[in-house]
Amino acid sequence: MNAPEVSALFEFIGKGVTVVGAIAAGWWAFEKWRKRDEHFPRMFFEVTANFLGMQNGQLVVEVIAVLENKGVVPLKIKSFGFKLRGLRASSPLELGDQSIRGQLLFPDVLAEGTFVPASWAYSFIYPGVKTEYNFVTAIPADASFVRVQGDFEYIPSGRSHHAAKILKVPNVGVQPTPASGSG
């Protein structure tokens with residue numbers, strides 16, 4: 001073999017090694033991405049309610065949903081709503097069926113709604129961002145406990161995410177009776 005042939009051979013081997021290295025690096029990066037599951041939603045989701053006060057015999061309530069994207073990719077969501085179920089002071093305590101795993105039944109739907117306007121195709125949360133959504137409604141004054149449940153669907157997977165919380169309704173409608181004393 002003469003010098004030009006040796007040079008051509010090494011050039012061919014170098015290109016082959018480069019191609020194999022690029023393929024191996026691509027495979028390694030894909031496997032790392034797949035194992036980290038970066039596209040999987042990492043969302044903190046919490047619901048709660050603020051009981052604001054009585055007005056015209058009903059209790060004004062602010063339903064709040066907090067979403068925090070703890071992942072590394074922006075997340076789009078749709079069908080983002082809530083249901084506020086209640087247990088009235090006069091209601092008997094009953095356990096539900098297997099669909100709620102035999103837990104205490106909150107029989108009355110006091111309010112339900114959506115956190116985003118129907119005209120929006122979706123809402124989104126960027127990585128590292130915490131977003132608060134709210135909805136103001138009114139519930140009957142005789143509600144003693146409420147169950148707030150929120151849910152939404154991820155786009156494009158359609159997988160759903162749920163959060164719930166039980167809250168005691170404060171006695172905001174009951175005014176303390178002034179103590180009577182003798183003067």
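The values are calculated or read from the model by the stated rules, or taken from the named source; none is laboratory data. It should be emphasised that the depicted structure is a prediction, and the values quoted were computed from it without experimental measurement. Quick reminder, even Gly has a Cβ in these numbers, built from the backbone with ideal geometry, and neighbours come from all protein chains shown. Note: accessible area is taken over every heavy atom of the protein model, side chains too, but ligands, DNA and RNA are not part of it. Shrake-Rupley method; radii C 1.70, N 1.55, O 1.52, S 1.80 Å.
Here are the numbers:
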| quantity | calculated |
| --- | --- |
| Condition met for LYS83 (over 17 Å from GLY150 (Cβ atoms), out of contact with any helix residue (DSSP H, G or I) (no Cβ under 8 Å at 6 or more places or on another chain) and either of a type outside the set (S, T, N, Q) or touching a residue at least 12 places away in the same chain (Cβ under 8 Å) (or both)) | no |
| Index of the failed condition, ALA25 passing every other in (1) open to solvent by less than 80 Å² (accessible area, probe 1.4 Å); (2) within 22 Å of PHE106 (Cα to Cα) | (2) |
| Residues of the stretch 126-136 satisfying the condition of being touching a Gly at 6+ places or on another chain (Cβ under 7 Å) and assigned to a strand (DSSP E or B) | PHE135 |
| Among the residues listed as VAL109, VAL73, VAL6, the single one being aliphatic (A, V, I, L, M), at pLDDT below 85 and surrounded by fewer than 16 Cβ atoms within 10 Å (Cβ to Cβ) | VAL6 |
| In the stretch 90-101, residue nearest to the chain's Cα centre (by Cα) [restricted to those that are open to solvent by 80 Å² or more (accessible area, probe 1.4 Å) and not basic (Lys, Arg)] | SER99 |
| Meets criteria (out of contact with any His (no Cβ under 9 Å at 6 or more places or on another chain) and either surrounded by fewer than 15 Cβ atoms within 10 Å (Cβ to Cβ) or at pLDDT below 95 (or both)) for VAL136 | yes |
| Condition met for VAL47 (outside any helix (DSSP H, G or I), out of contact with any Phe, Trp or Tyr (no Cβ under 9 Å at 6 or more places or on another chain) and not acidic (Asp, Glu)) | no |
| Residue pairs meeting the criteria (Cβ under 6 Å; at least 6 apart or on separate chains; first at pLDDT 95 or above, in the stretch 34-60; second open to solvent by 50 Å² or more (accessible area, probe 1.4 Å) and part of a strand (DSSP E or B)) | VAL47/LYS165; THR48/LYS165; VAL60/LEU52 |
| Top-ranked residue of the stretch 50-70 - restricted to ones that are part of a strand (DSSP E or B) and open to solvent by 50 Å² or more (accessible area, probe 1.4 Å), ranked as nearest to GLN149 (Cα to Cα) | ASN50 |
